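The values are calculated or read from the model by the stated rules, or taken from the named source; none is laboratory data. Owing to the predicted nature of the structure, the values given are computational and were not obtained by experimental measurement. Virtual Cβ from ideal backbone geometry, glycine too; neighbours counted across all protein chains shown.
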Amino acid sequence: MPAMNRAANRTLCRRGMAVAAGAVAVLLAAPATAAAEGPDGPSAGSPATGTYTAYVSVSGNGVGRGGDLGVPPVGGGGGGGRVAVPSPCGYEKGIRQEELQALQEEYYPNGNAREVLAGEANKLDHFDYPTDAAIARAQAGAWGQQGTWYISRCDFDAEGIGIPEFRDFFFDNPPVLVPDGAPAPQADAPADPEFLLRVAQGAMTLPTPTAQVVRPETVVRLDTWVWVAPAAVGTRTVTASVPTMQVTVTATSVGSRFASTGAPPVDCAGAGHPGDADCALTYRRSSGGAPGQQFGIVASTVWAAAASGAVTRQLPGATMAGPPVPITVREVQTVNGG
């Protein structure tokens, strides 16, 4: 998203406050829900970091604990679903409808408080403050009801968040009056390609490889076949989506490596398999002097990654290393005839 000049934002917001000064319920009675568009109003989120809570749907066979592509993890619980993520925009708890009505009626005691509020909505629309207009219209429409308002807000200090981005988010997540005892609404995260990319990368979980051998012992100078299970390689995908946009990250295994004390490491084109002479360790010395008289074989898989959908480009990949698998390496015993 293009960043917007914040000084211009604040000027626009102050002008809006002045234009809409007559909307008593909107601008005086409900400061948390109805400061005019922009960053000058109070925030129940975290204004310093732009951290609200919003929700993204994640799906794919790569969803799990997350964090394997070098991006902070976003846990999806294994099978995907709707996950909470830190967001520059989200729902914020505001005024109760009964309190708003009482304040509006105090300012307009002639029985026309609701009509005045509805009229202010039209005035705000006329001066191009559609989000404030929508709040006033929703509050007027809920006259006589009870509950707490939740209104979409954005942190205007967050990169790329300006008036256009806020308006898009607001109308994707309109005001909600929540009755007592009901859960707070869950806002969809902003339809921002780079934001969704980070969520998809963060949810990616790659399998941990474990070295496989025919037997847990071998001899020096003998090819020792090594491989990883088919489940440790292949393709993993994660799709992060909101109703109007999605980004898919695909990770594909491109090779494996096996390393062990006493033998040069070997790089394999795929997972390897028993009998694959191109995927074998050749030990040059025994493990007799090693702790426990064993060496460890560590398998690593190499993954390439790419994005598609609203973002299309190559991404940093990953290398997944497994636990050491013990193996005993013996010297070849020979008998000389005489």
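Quick one: which residue in 296, 272, 337 is out of contact with any His (no Cβ under 8 Å at 6 or more places or on another chain), over 30 Å from residue 238 (Cα atoms) and modelled with pLDDT under 95? Write out each step before concluding.
Details: 296 fails: modelled with pLDDT under 95; 272 fails: over 30 Å from residue 238 (Cα atoms).
When all the criteria are applied, what remains is 337.
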ask   = If you take the residues in the stretch 264-293 that are of a type in the set (S, T, N, Q) and more than 16 Å from residue 214 (Cβ to Cβ), which one is surrounded by the fewest Cβ atoms within 10 Å (Cβ to Cβ)?
value = 293
key: Flag for residue 253 being surrounded by 17 or more Cβ atoms within 10 Å (Cβ to Cβ), polar (S, T, N, Q) and in the same structural domain as residue 324 (by TED's automatic domain parsing)   = yes
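I'd like to check something: does the stretch 17-40 contain any residue that is within 17 Å of the chain's Cα centre (by Cα) and either modelled with pLDDT under 90 or not basic (Lys, Arg) (or both)? Full working, then the answer.
At the first step, the residues of the stretch 17-40 found to be within 17 Å of the chain's Cα centre (by Cα) are none.
No: the stretch 17-40 contains no residue that is within 17 Å of the chain's Cα centre (by Cα) and either modelled with pLDDT under 90 or not basic (Lys, Arg) (or both).
Go through the stretch 167-199 and report how many residues are among the polar types (S, T, N, Q) and modelled with pLDDT of 95 or more. Reasoning before the result, please.
As a first pass, look at the stretch 167-199 and keep what is among the polar types (S, T, N, Q): 173, 186.
Within this subset, residues satisfying the condition of being modelled with pLDDT of 95 or more are none.
Total satisfying the criteria: 0.
Would you check if there is a residue in the stretch 146-153 being of a type in the set (Val, Ile, Thr), buried (at least 23 other Cβ atoms within 10 Å of the Cβ) and closer than 22 Å to residue 187 by Cβ?
Here is the first cut: in the stretch 146-153, the residues of a type in the set (Val, Ile, Thr) are 148, 151.
Filter once more, keeping what is buried (at least 23 other Cβ atoms within 10 Å of the Cβ): 151.
Keeping just the survivors that are closer than 22 Å to residue 187 by Cβ gives 151.
Looking through the stretch 146-153, at least one residue is of a type in the set (Val, Ile, Thr), buried (at least 23 other Cβ atoms within 10 Å of the Cβ) and closer than 22 Å to residue 187 by Cβ.
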ask   = What is the one condition in (1) closer than 17 Å to residue 88 by Cα; (2) among the small types (Gly, Ala, Ser); (3) crowded, with 24+ Cβ neighbours inside 10 Å that residue 203 does not satisfy?
value = (1)
inquiry  = If I go through the stretch 100-117 residue by residue, how many of them are closer than 28 Å to residue 155 by Cα and exposed (fewer than 15 other Cβ atoms within 10 Å of the Cβ)?
reply    = 0
inquiry  = Looking only at the stretch 159-198, how many residues end up being in contact with a helix residue (DSSP H, G or I) (Cβ under 9 Å, 6 or more places away or on another chain) and assigned to a helix (DSSP H, G or I)?
reply    = 5
request  = Return yes when residue 239 is surrounded by 16 or more Cβ atoms within 10 Å (Cβ to Cβ) and among the hydroxyl-bearing types (Ser, Thr, Tyr) and no when it is not.
outcome  = yes
So residue 43, is it under 26 Å from the mean Cα position of the chain (by Cα), at pLDDT below 50 and closer than 24 Å to residue 195 by Cβ = yes
request  = Pick out, from the stretch 249-332, the strands (runs of 3 or more DSSP E) lying fully within it that include 3 or more residues that are over 30 Å from residue 191 (Cα atoms) and hydrophobic (A, V, I, L, M, F, W, C).
outcome  = 263-268, 295-309, 325-330
